[in-house]
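Read the structure below first, then the notes.
The values are calculated or read from the model by the stated rules, or taken from the named source; none is laboratory data. None of these values were measured; they are calculated from a predicted model. Methodologically, a virtual Cβ is constructed for each residue, glycine included, from the backbone with ideal geometry; neighbour enumeration extends over all protein chains shown. We work out accessible area using only protein heavy atoms, side chains counted, and drop any ligands, DNA or RNA first. Shrake-Rupley method; radii C 1.70, N 1.55, O 1.52, S 1.80 Å.
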Amino acid sequence: MQTYTFLCDWTNHMNHVAGAMFAVVVQAETYPEAEQRAARAALEHFPSLQDYESASTFWGGDFGAVRVAEFYDDVSPNLIDKDRYEIIRASEGA
């Protein structure tokens, strides 16, 4: 199983209902699976977004987010500006 870190920002800062930038750390067998798990984890972390987005529409949706950078492994401890990010760790079932 591969670990992925997605650094994310909101698609539309005028519409977002949550806080600042965030990072999602997730484990998955494949990259597409990691995208889906990361979307579900973000929606669990920001439950108010569930009224507007689903896991399938989260990336790029009006109230969703974009992946600014993507990495193999958990790089969240090494982020220079890590205090600017909410770190979301996806659970195994996410």
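Looking at GLU29, GLU35 in this structure, which one is open to solvent by 80 Å² or more (accessible area, probe 1.4 Å), in contact with a strand residue (DSSP E or B) (Cβ under 8 Å, 6 or more places away or on another chain) and not aliphatic (A, V, I, L, M)?
GLU29
In a loop (DSSP other than H, G, I, E, B) and of a type in the set (Asp, Glu): does that describe ASP74?
The answer is yes for ASP74.
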Report yes if some residue within the stretch 5-20 is without any contact (Cβ under 8 Å) to a residue 24 or more places away in the chain, over 14 Å from SER91 (Cα atoms) and touching a helix residue (DSSP H, G or I) at 6+ places or on another chain (Cβ under 9 Å); otherwise report no.
-> no
